[in-house]
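The values are calculated or read from the model by the stated rules, or taken from the named source; none is laboratory data. If you're wondering where the values come from, they're calculated on a predicted model, not measured in any experiment. With ideal geometry, Cβ positions are generated from the backbone for all residues, glycine too; neighbour counts draw on all protein chains shown. Ligands, DNA and RNA are excluded from the accessible area calculation, which covers all protein heavy atoms including side chains. Shrake-Rupley method; radii C 1.70, N 1.55, O 1.52, S 1.80 Å.
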Amino acid sequence: YNNRLSLMLTGGRHVADVAFVHMGQSYHVGAKQRCEEMTSALQDAQFDCDWLNYDAWENDSTLNGKTIKLHKEDYRVLMLPAVEVIPYPALAKAKQFFDNGGTVVAYGMLPSKSATLGRYSKDITELCEAIWGVATQSLARCKSSPAGGKSYFLPARPTPGELQQVLTGDAGIRPALEVTAGDTSHWLHVLHRRRCGRDVFLVCNQNHEGNARRFTFRVTA
């Protein structure tokens, strides 16, 4: 079983919807919230993500309209870490993505201090206001850009259902594999790869207790 999974899931490219900017050294300065809870909730909502450190986000990724391109991957959502201190270029690029029509999500707290020499708290505040306005934590959209960008400032610990409400219900971003019927209890996770001109999905019901469960999926492939 493991050998067959290794064969089917090796090569090609990973497909994920969310580029999650990891807090990196921001963890050691000021207030913060660890990333694991949010990325787990995303997976529970069938939204896969990759962690991008600040350097990868600032220097290696490119913006192509409403998508972020990095190596072989294309992301449709940018999620920023819940930190007090952030490098100015990371937030400036988030604003550029929002202006281009992209979906930008923050949660828990908005940054308020700069980790970049020559940039100050007022510079960070100006960028935050340009992306989110005068925002309070909620599931409602904060702002829209003329190009169709959408920004959200979510509570610190949104449920998988609330993430689906925001990303699919309002932002219109549907995962490639959706559960249309069946109780997942937030234990069903999906890995999506594309190789040899085919889409490959590894679907795992990780709830091993009780009877087998039946689900109905809608797949775009």
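What the table shows:
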| quantity | calculated |
| --- | --- |
| Within region 143-215: Cβ-based charge dipole about Cα centre, in debye rounded to nearest 20 (Lys, Arg +1; Asp, Glu -1) | 340 debye |
| Space enclosed by the convex hull of the alpha-carbon atoms of region 100-171, per residue, Å³ | 92 Å³ |
| For the chain: accessible area per residue (Å², 1.4 Å) | 51 Å² |
| Zero-based 5 Å bins, Cα pair distances in region 92-221, whole percents | 2, 9, 15, 16, 15, 14, 11, 9, 6, 3, 1, 0 |
| Cleavage-rule hits, trypsin sites (Lys or Arg not before Pro), region 59-126, DSSP coil, Cβ neighbours within 10 Å at most 11 | LYS72 |
| Dipole magnitude (debye, nearest 20) for region 1-86, charges at Cβ of Lys, Arg, Asp, Glu | 240 debye |
| Sulfur and carbon atoms: percent of accessible area, region 65-174 [1.4 Å] | 52 percent |
| Electrostatic dipole magnitude of the chain [Cβ: Lys, Arg +1; Asp, Glu -1; Cα centre; debye, to 20] | 480 debye |
| Unit Cα scatterers, Debye sum, region 1-125: log10 I(q)/I(0) for q = 0.12, 0.16, 0.17, 0.21 Å⁻¹ | -0.47, -0.79, -0.88, -1.24 |
| Backbone HN-Hα couplings from phi across region 130-139 [Karplus 6.51/-1.76/1.60, Hz, Gly and Pro as x] | 5, 8, 10, x, 8, 9, 10, 5, 6, 8 |
| Local net charge near VAL85, Cβ-Cβ under 14 Å (Lys/Arg +1, Asp/Glu -1) | +1 |
| Antiparallel DSSP beta bridges within region 45-187, as percent of all bridges there, nearest 5 | 45 percent |
| Karplus (6.51, -1.76, 1.60) ³J(HN,Hα), θ = phi - 60°, over region 186-199, in Hz, Gly and Pro reported as x | 6, 10, 9, 10, 10, 10, 10, 10, 10, 8, 6, x, 10, 8 |
| Rg/Rg_globular for the chain, with Rg_globular taken as 2.2 N^0.38 Å and Rg from C-alpha atoms | 1.05 |
| Cut-off under 5 Å, modelled amide H: who pairs with LEU52 long-range | PHE20, VAL21, HIS22 |
| Positive dipole terminus of the chain, leading residue within ILE86, MET109, ASN59 (C-beta point charges) | ASN59 |
| From phi via Karplus (6.51, -1.76, 1.60), per-residue ³J(HN,Hα) for region 165-174 in Hz, x at Gly/Pro | 4, 6, 6, 8, x, 9, 6, x, 9, 9 |
